[in-house]
Every structure is written in structure tokens, then in C-alpha cells.
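Computed from the coordinates by the stated procedures, all read-outs in this text should not be read as laboratory data. No experiment lies behind these values; they were computed from the predicted model shown. Cβ coordinates were reconstructed from backbone atoms using ideal geometry, including for glycine residues, and neighbour counts include every protein chain displayed.
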Amino acid sequence: MSDLRMVVCCKQVLDPEAPPTSFKIDSSMKMTLPSDIKPVIGQYDEFALEAALRVRDAIGGSITVLSLGNNFVRDVIKKSLAVGSDDLILLEDAAFEDSDSWSTAYALSKAIGKLEGFDVIFCGRQSSDWDAGQVGFGLAELLGLPIVTLARKVEAVDGKLRVEQVIPDGYQVVEVPTPAVVTVTSELGNLRYPVLKGIMAAAKKQPTIWKPADLGLEAGEVGAPGRKLALDRLYQPFKEAKCEIVDGETGAEAGANLALKLREAKVI
Amino acid sequence: MDENKGVLVYGEIVDGKLSSTTCELLGCGRRLAEQLGTGLACVVAGTGAEGAVEGVCSRGAGTAYVGSASDGIEALLAVAVAAVEAARPSIVLVPHAGFGRELGPRLAFRLGSAAATDCIDVKVDADSGRVILTKPVYGGNALADFAADTTPLVATVRPKAMSPEEPVAGTTCETVALSVETPAPAAKVLDRVEEKVEGIKLEDAATVVSGGRGTGGPDPFNTILKELAEVLHGAVGASRPPCDNGWAPESMHIGLTGKIVAPDLYIAVAISGASQHMAGCSGSKTMVAINKDEEANIFREATYGVVGRFEEVVPAFTAKLKELLAD
């Protein structure tokens, strides 16, 4: 198997590692409020990038990154190039805004159809904003491809992919022919740090930009109008913080007091 | 397709019987069907399907569809499509666990319809009559209510989000056999490696002691935390960072992409309380937090807490508990 052509789907999202207190919603607008939470490439998308990079380290090939959205922060999304991907294609347009899993997968499938062939599509197991975990499945169904999920290890062996798939209490080894979709989970391991050479090369590269018309898509098929799932409400549940802090002169004393408190409250 | 009515539950069979999540979905499905004025059906397939029919019928399903199929996802998905064609439901409920997380979305895409995953509530809006699906988003920092006009709407439902339906003895229902042809799946399982966890299952434990990033390494999971869990006859869990770092096995991972637990007592040790973790344990009846950082988010979630170093707090806590429980 030479020259494995890999596609990695990435999404720019608000940093999911930001402290919960900095996260605010405007319920009336059904959107997040501007804050100092920085945009990043989604957590699981980074694992997907790492999966592709490891396969290329082992047997060679090309990595094309595909991302759908609008107003991409170039430095953020170009990290995918800085870590070593070869090309970046942005489906960037206001028309793509407010997509759901359906309109996202549909547009991505059209974009993939425009590429000169591919062998593997890597996706993160779910996005770090809507946590739907559906786009990988959507691509598999729309493109008629086999899919292996929750990959913690991916290798190319004898013309096929060998994937270690996470199962409850362990993993199983799955072999699948290409072309195929693979979704990646955190057990695969963190995305490598970009090295200076990669960062400089990425700075010089310009992403390819595709609009709905480039994909043969009508306005009604993409973004919000293309949704099959309607967002009715977006809100933060009210949480009444009422933690009773148990004290002590020392940590040990506090620990003993905690046991007494739980006994008093009939918790134990 | 306006003539689609009815609620269809895709049942999950674990150890030869209906999973507890399926029983929860049957309860949810029965309530939905009542509110929508329609019927409830359930489809089961794979190993143990025939034997699960009684459990389905005794929990309020009017029709049980039994798919003669192997256990692979492609076969189960083909059965799901056949069941939808036979039952013509307006909503399909699938457990958000095991194969369900894959079957739900793939079924929706295959049928050209919509799915919402990891739903914690499914209800009928009194005004519009539409089914509203509620699910956590932004890693659990917010909730979203979704609705759809396409049919059938597919919802994968989080385990333990609903209460299970108790069986009523002596009820029968119509049983329909579905025979589907599935092409041989492209993916082949070559090997399976299961790390059997000894002791009580995390999801079933009445008490869970969990360690977070602040534990700093694998030792506490084998010593301090294990001893505390033993005294309380509970199980040991972990947030994601210890698992990602290899300090604890992935089977201990509690969180949005790990196990969902709802024990009577959840003790979070050196856990910051990030939303992704809270998604896995927020159903706990009583939460206790031990963390050296008084600003940690966990103190906004817990009922009782100690601000201090777990190495000092937990051994003394364990010793006192041992004393009290010996009475």
C-alpha cells in the first residue's frame, strides 16, 4: 500500500478545556456569548490528525485537512498544517453557518467527492461543541463506506487498515478495506507539537477555499436551511451551589470530620 | 410522511437479557406513546433476541419485532431499517451505549432523517405536540433542546437518564419476525482483548470513589483510593486525565465519553469538576469533593467538601469511616 491518501475532518470550536465559569450562553439568540475562551481545533479532531500523521510516518501518503465553517482564525486552523498535513481545504462561507450533523456531513461528502480520490477519512469521535458524534457516520452512509469507530490505534497492513477499536473494558482489532471512515478517540494519544519547520511552512501555505457553489450545493442545502434537526432552545441549567465545607485543624482532622458529617447526615 | 406514528425502541441485549437502559427506554417510550396517543413497539435482534421478547411485552410494548440476525452492527442496522418500515414510527429510541451510539445516527442518515445523541430527556411539548429532545452540549456546559420535522426522529438516550419500567407479569404482545438479508460486513474483527475488572462493576456500585488529575500518578488508585472504596464496598473510577496518562485503565473512565454512573455516594478526589467529567457523575445522589484548590468547580457541584491535600485527608477519612461502620 503506497501513497495512502488521507482526509482529516477538523472543526474550529471554543476551547473545551476553558473553565466552566467562563462559558456563557445567550438563550434568546441561541448562541454562545463572546468571551475570552479562545478558538481551537476540536480535541478529538486533533487525535484524528495524529492518527493520520502516524500512518504517514509508517508507510507514507498524503494528508488533506477539510474543515467547514465561517470566519476561520487562520492561525488556529493552520495548526493542522503546522503539525505536518499537506493541504488545507476550508469550506468557508456564511452559508455554512449553523449547520447540524446532516448539513455538515452532506457538504463534507460533496467536498470529498471533489478530491482526486481518497483511501481513508479520519474524523474525531465527536465535536467539542455540539458533541453529536454523527458526522463520521453521516459520511459513511452518504458515501457508502465502511466505518470503524473509537480508534485508539490505526495501522495500514497488506492493503487494509488494522484498527484497535475501544470496547467496554478493552479493545478489539478490526480489519477493514479502504476506502473507509475511521473515527478516533482520546486513547490514541495527543497530537504532536508542531516543529519550527512545520510552523514556517504552514505560514507560507494558503488554504483552498470552497463555497457552496463550488460543491454544486444550493443555499437551501447547507448551513441552517439545510438542517434536519431544529435547535429549539440553548440554555444553561441553573445550579444552586450549596456545598458544605467540612473543616479541621489539619487535613487529617478535616478528613475525620468529613466521616462524622456523613454519618450525621445518614449518607453512610 | 405524515402517516408515521408510534414509538419504536431498539432494545439492547446484555448477558442474555434486556439491558437496564432498554428497560429505561421502554418506560420513556410508554409515556411518550401515551402522550402522543399512539402505540409502543420494540425491536430486538442478535443473540438472545427470542428470549428477550417476554421482557419487552411485559414492559408495555404492543408489538415486539424480532430480527433474526447476527450481532454485527451492519446486521443490527438492517434490522432497524426493517423494523422502521414495518412499524412506521414517528420516533425511534436507541440506547446511547454500545452499538446504539453507532446505530442511532446511521439509521437516521440511512433514512434521510434526523438524530440527536446522548439525550437526557425526551418529552412532548404541550403546545406544539412536537417531541423535544434534550441533550448536553459544549462538553456539558449547556443544554440544547432539539426538535425535527423529518420522520422518524431518532434519539439515542443516555443510560440512567430515565427510570426503568418494571415488568407486569402476564402481559402479552404481538410478535413479528423480521428476516433481513445483510451483505457480509466489510470490517472483520480479528481479535478481542478484554481487561476484566475484578470486583463490583462501576455502573452498578452504590458508592464510587474517583480520582482526578490531582492524584499525580497511578499509586493512589492502587492504594489510598482503593482502600477508601473497599471500606465503603464501592468501586474506583477516574476522570479522563488519569486514563489518558495511563495512571488508571480506560475501563475506570467516568465522563461524557466514558461511563455514566449514578451511585448513592460519589467521592471525587483531586478532581477539578470540569463539565465533561460531571456529565458522567451528575446523577449521583450525594457528591463529596476533596480537592486542595478551593476554587475548583467541583465545589459548585458537591454537597459536602474538604479543601485539602487528598494524601492527608483521605487516609484519615477512611480510618474514621472504618471505625464508624464497624459499629
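The table that follows gives values for the structure above.
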read-out: Length-normalised contact order of segment A:1-66 in % [C-alpha pairs under 8 Å, at least 6 apart]; value: 55
read-out: Beta bridges by DSSP in chain B, antiparallel share as percent, to the nearest 5; value: 20
read-out: Alpha carbon convex hull of the protein assembly as shown, projected area averaged over orientations, nm²; value: 27.7
read-out: Ranked B:Asp244, A:Asp93, A:Asp3, criterion: other C-beta atoms within 10 Å, fewest first; value: A:Asp3, B:Asp244, A:Asp93
read-out: Cα gyration tensor shape of segment A:4-221, rounded if a/c is under 1.5, else prolate or oblate by comparing a/b with b/c; value: rounded
read-out: Using a Förster distance of 25 Å, the FRET efficiency for B:Lys285-B:Leu324 (Cβ separation, nearest 0.05); value: 0.85
read-out: Taking all pairs of distinct alpha-carbon atoms in segment B:1-114, Kirkwood radius in angstrom; value: 13.7
read-out: Convex hull of segment B:184-247 built on C-alpha atoms - directionally averaged projected area, nm²; value: 6.2
read-out: Whole-angstrom gap from segment A:41-111 to segment B:1-78, using each part's C-alpha centre; value: 38
read-out: Alpha-carbon Rg/Rh ratio, for chain B, with Rh computed the Kirkwood way; value: 1.02
read-out: Total formal charge among the other residues, if their Cβ is under 15 angstrom from that of A:Asp3, Lys/Arg +1 and Asp/Glu -1; value: -3
read-out: Over segment A:151-227, equivalent-ellipsoid semi-axes from the Cα gyration tensor in Å; value: 31, 24, 14
read-out: Among A:Lys79, A:Lys205, A:Lys153: highest mean-square fluctuation, GNM of chain A, C-alpha pairs under 10 Å; value: A:Lys205
read-out: Normalised contact order of segment B:7-179, rounded percent, pairs of Cα under 8 Å and 6 or more residues apart; value: 29
read-out: Kirkwood-Stokes translational diffusion coefficient of segment B:202-325, alpha-carbon pairs, 4 °C, 1.567 mPa s, µm²/s; value: 94
read-out: Using a Förster distance of 35 Å, the FRET efficiency for B:Glu85-A:Glu17 (Cβ separation, nearest 0.05); value: 0.20
read-out: Debye-sum result for segment B:129-281 in log10 I(q)/I(0), which assumes one identical scatterer on each alpha carbon, at q = 0.11, 0.15, 0.17, 0.18 Å⁻¹; value: -0.64, -0.95, -1.04, -1.08
read-out: Alpha-carbon centroids, segment B:138-154 and segment B:282-304: separation in whole Å; value: 28
read-out: Gyration tensor verdict on segment A:141-186 (Cα atoms; rounded if a/c is under 1.5, prolate if a/b is larger than b/c, oblate otherwise); value: oblate
read-out: Whichever aspartates and glutamates have a C-alpha closer than 16 Å to that of A:Lys266, once near sequence neighbours (fewer than 8 apart) are set aside; value: A:Glu244, B:Asp264, B:Glu323, B:Asp327
read-out: Of all DSSP beta bridges in chain A, antiparallel share, percent nearest 5; value: 40
read-out: Segment A:215-268 versus segment B:206-246: alpha-carbon centroid distance in Å; value: 20
read-out: Charge tally in the Cβ shell below 12 Å around A:Val181, where Lys, Arg are +1 and Asp, Glu are -1, A:Val181 excluded; value: -1
read-out: GNM result for chain B, Cα springs below 10 Å: residue of B:Gly27, B:Gly308, B:Gly280 fluctuating most strongly; value: B:Gly308
read-out: GNM flexibility winner over chain B from B:Glu194, B:Glu54, B:Glu230 (Cα, springs under 10 Å); value: B:Glu194
read-out: Bridge type composition, the protein assembly as shown - antiparallel percent by DSSP, nearest 5; value: 35
read-out: Efficiency of FRET between A:Glu155 and B:Glu230 - r from beta-carbon atoms, R0 35 angstrom, step 0.05; value: 0.30
read-out: Sorted by Cβ neighbour density within 10 Å, fewest at the top, the residues A:Leu68, B:Leu32, A:Leu143; value: A:Leu143, B:Leu32, A:Leu68
read-out: Listed pairs B:Lys160/B:Lys201; B:Lys259/B:Lys285; A:Lys242/B:Lys259 exceeding 20 Å between Cα atoms; value: A:Lys242/B:Lys259
read-out: Order of A:Leu217, B:Leu178 under a 10 Å beta carbon neighbour criterion, fewest first; value: B:Leu178, A:Leu217
read-out: Estimated 222 nm signal from helices in the protein assembly as shown, with DSSP H stretches of n ≥ 4 weighted -39500 (n - 2.57), rounded to 500; value: -8000 deg cm²/dmol
read-out: Helix A:43-59 axis, angle to chain A major axis (alpha carbon atoms, nearest 10°); value: 50
read-out: Cross-link reach list, aspartates and glutamates versus A:Lys160, counting only Cα pairs under 16 Å and skipping chain neighbours closer than eight places; value: A:Asp3, A:Asp119, A:Glu175, B:Asp191
